[in-house]
Amino acid sequence: MDGKAMTKTTDLRAVQDAYTRDGVVLLKNILSDEWLSKLRHAVDTEVEKSDRYFAYKNMRETPGVFQDYCLTSDIGRRVAEVAGSPWTSLIYDQIFAKEPGTQTQTGWHTDQPYWPVSGPIMTMWIALDPVDPDNGALEFVRGSHAWGAKYRPFKTDQLGGFLHYLEQDNPDYIDMPDFEANRSEYDIFHFENMRPGDALAFDGMTVHSAMGNRTSTRRRRGYAIRFAVEGATYEPRDAVTEWLHDDSLKSGAPFAGGRFPVIYETT
Ligand SMILES: O=C(O)CCC(=O)C(=O)O
């Protein structure tokens, strides 16, 4: 549908290098005008149903625009290219609509500990509006995906504020340091002036947060899709994301198939 050619080898190397080094890379202009318009419209239809900025999840399991985008666009190929993987499977998708005046800062976290998966996974966070520090840019701790630290997942309130830790007794996890209070100790950065259709590809272990939307007029709609790639395995844990479990997959099996379709494969 997009009809875009494979990414040029030299550009791709630079993208892969940045992703491997920093745990996040900016991809410019990955959406056709048609997908941008369809996704904006679909997001607006969802957003009317709730007032929580991160409430809308897993739309891709229901027939409609989100499912069509995940299954028929070039997004699976792009993920495989950035990760250097022969395949991509879908985990789930989510809307982050920080409307004007949504002051809440998304707390620092890593994504992977929340999901029933081990090994490499990637989020594509696609901007549907211009995004900058005024209306809610995402921030990243450069290189944190490679630290080997597994941060304990935690529950948040309706506004995304910290409530309490999950899996208190799981020795695999350590409590998250206070990145916000100690910002100067870390290499924290964001991408300036994302345009609609630009995407952030980031590793499931990269520490990140998002600023609040301090504007009174500018929307900040983000559409995030979570993907598994080669090396990712299914690891269900009862304490988190039971809604993503799939009994047809064995624990330790490749994270592909069942509810998590392979959407791209090199032939
Ligand atoms: O867009 C946001 O506000 C937060 C996004 C985020 O934390 C994520 O996609 O994991």
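Kindly provide the set of residues from segment 182-198 that are assigned to a strand (DSSP E or B) and either within 11 Å of the ligand (Cβ to nearest atom) or among the acidic types (Asp, Glu) (or both), ordered by number.
To start, the set of residues in segment 182-198 that are assigned to a strand (DSSP E or B) comprises 188-190, 194.
None; the set is empty.
Given the structure, is residue 190 without any contact (Cβ under 8 Å) to a residue 60 or more places away in the chain and under 19 Å from the mean Cα position of the chain (by Cα)? Give the derivation first.
Values: without any contact (Cβ under 8 Å) to a residue 60 or more places away in the chain: yes; under 19 Å from the mean Cα position of the chain (by Cα): yes.
For residue 190, the condition - without any contact (Cβ under 8 Å) to a residue 60 or more places away in the chain and under 19 Å from the mean Cα position of the chain (by Cα) - is met.
Take residue 147 and decide whether it is at pLDDT 95 or above, closer than 17 Å to residue 174 by Cβ and over 16 Å from the mean Cα position of the chain (by Cα). Steps first, please.
Values: at pLDDT 95 or above: yes; closer than 17 Å to residue 174 by Cβ: yes; over 16 Å from the mean Cα position of the chain (by Cα): yes.
In short, yes.
Only one of 99, 139 is among the acidic types (Asp, Glu), surrounded by 19 or more Cβ atoms within 10 Å (Cβ to Cβ) and within 14 Å of the ligand (Cβ to nearest atom). Can you tell me which? Can you show your working first?
Numbers: 99 fails: surrounded by 19 or more Cβ atoms within 10 Å (Cβ to Cβ).
Only one candidate qualifies: 139.
Given the conditions (1) surrounded by fewer than 17 Cβ atoms within 10 Å (Cβ to Cβ); (2) more than 29 Å from residue 69 (Cα to Cα); (3) among the polar types (S, T, N, Q), and given that residue 193 satisfies all but one, which numbered condition is not satisfied?
In the conditions (1) surrounded by fewer than 17 Cβ atoms within 10 Å (Cβ to Cβ); (2) more than 29 Å from residue 69 (Cα to Cα); (3) among the polar types (S, T, N, Q), residue 193 misses (2) alone.
Which of the following residues is in contact with a helix residue (DSSP H, G or I) (Cβ under 8 Å, 6 or more places away or on another chain), surrounded by fewer than 19 Cβ atoms within 10 Å (Cβ to Cβ) and of a type in the set (Lys, Arg): 49, 38? Steps first, please.
Details: 49 fails: in contact with a helix residue (DSSP H, G or I) (Cβ under 8 Å, 6 or more places away or on another chain).
Step by step, each of 49, 38 is checked, and only 38 is in contact with a helix residue (DSSP H, G or I) (Cβ under 8 Å, 6 or more places away or on another chain), surrounded by fewer than 19 Cβ atoms within 10 Å (Cβ to Cβ) and of a type in the set (Lys, Arg).
Is it the case, given these coordinates, that residue 223 is part of a strand (DSSP E or B), away from the ligand (no atom under 16 Å from the Cβ) and either modelled with pLDDT of 95 or more or of a type outside the set (S, T, N, Q) (or both)? Steps first, please.
Working: part of a strand (DSSP E or B): yes; away from the ligand (no atom under 16 Å from the Cβ): no; either modelled with pLDDT of 95 or more or of a type outside the set (S, T, N, Q) (or both): yes.
For residue 223, the condition - part of a strand (DSSP E or B), away from the ligand (no atom under 16 Å from the Cβ) and either modelled with pLDDT of 95 or more or of a type outside the set (S, T, N, Q) (or both) - is not met.
Is it the case, given these coordinates, that residue 63 is under 20 Å from residue 254 (Cβ atoms) and either surrounded by 20 or more Cβ atoms within 10 Å (Cβ to Cβ) or out of contact with any Gly (no Cβ under 7 Å at 6 or more places or on another chain) (or both)? Before the answer, list the steps.
Numbers: under 20 Å from residue 254 (Cβ atoms): no; either surrounded by 20 or more Cβ atoms within 10 Å (Cβ to Cβ) or out of contact with any Gly (no Cβ under 7 Å at 6 or more places or on another chain) (or both): yes.
So residue 63 does not fit the description; no.
Among the candidates 262, 229, 207, 240, which residue alone is within 13 Å of the ligand (Cβ to nearest atom) and β-branched (Val, Ile, Thr)? Spell out how you get there, then give the answer.
On the way: 262 fails: within 13 Å of the ligand (Cβ to nearest atom); 229 fails: within 13 Å of the ligand (Cβ to nearest atom); 240 fails: within 13 Å of the ligand (Cβ to nearest atom).
Criteria check complete, one pass: 207.
Any chance you could count how many residues in segment 196-220 are closer than 24 Å to residue 112 by Cα and either surrounded by fewer than 21 Cβ atoms within 10 Å (Cβ to Cβ) or touching a helix residue (DSSP H, G or I) at 6+ places or on another chain (Cβ under 7 Å) (or both)?
Matching residues across segment 196-220 total 9.
Could you check, for segment 157-173, whether at least one of its residues is under 17 Å from the mean Cα position of the chain (by Cα), within 13 Å of the ligand (Cβ to nearest atom) and not in a loop (DSSP other than H, G, I, E, B)?
As a first pass, look at segment 157-173 and keep what is under 17 Å from the mean Cα position of the chain (by Cα): 160.
Restricting the remaining residues to those that are within 13 Å of the ligand (Cβ to nearest atom) gives 160.
From the residues that got through so far, the ones that are not in a loop (DSSP other than H, G, I, E, B) too are none.
The answer is no, given that none of the residues of segment 157-173 is under 17 Å from the mean Cα position of the chain (by Cα), within 13 Å of the ligand (Cβ to nearest atom) and not in a loop (DSSP other than H, G, I, E, B).
Considering 258, 161, 204, 222, which residue is at positive phi and touching a residue at least 12 places away in the same chain (Cβ under 8 Å)? Spell out how you get there, then give the answer.
Details: 161 fails: at positive phi; 204 fails: at positive phi; 222 fails: at positive phi.
Matching residue, one of 258, 161, 204, 222: 258.
Tell me which residues, restricted to segment 115-136, are hydroxyl-bearing (Ser, Thr, Tyr) and more than 9 Å from the ligand (Cβ to nearest atom). Steps first, please.
Filtering segment 115-136 down to residues hydroxyl-bearing (Ser, Thr, Tyr) leaves 118, 123.
Result: 118, single match.
Give all pairs with beta carbons closer than 6 Å in which a residue from segment 135-151 that is within 17 Å of residue 25 (Cα to Cα) meets a residue that is away from the ligand (no atom under 16 Å from the Cβ) and not in a helix (DSSP H, G or I); count only pairs at least 6 apart in sequence or on separate chains.
Note: pairs meeting the criteria are 141/186; 142/187.
The values are calculated or read from the model by the stated rules, or taken from the named source; none is laboratory data. In this text, all values refer to a predicted model and were calculated from it rather than measured experimentally. FYI the Cβ positions are ideal-geometry reconstructions off the backbone, even for glycines, and counts take in every protein chain you see.
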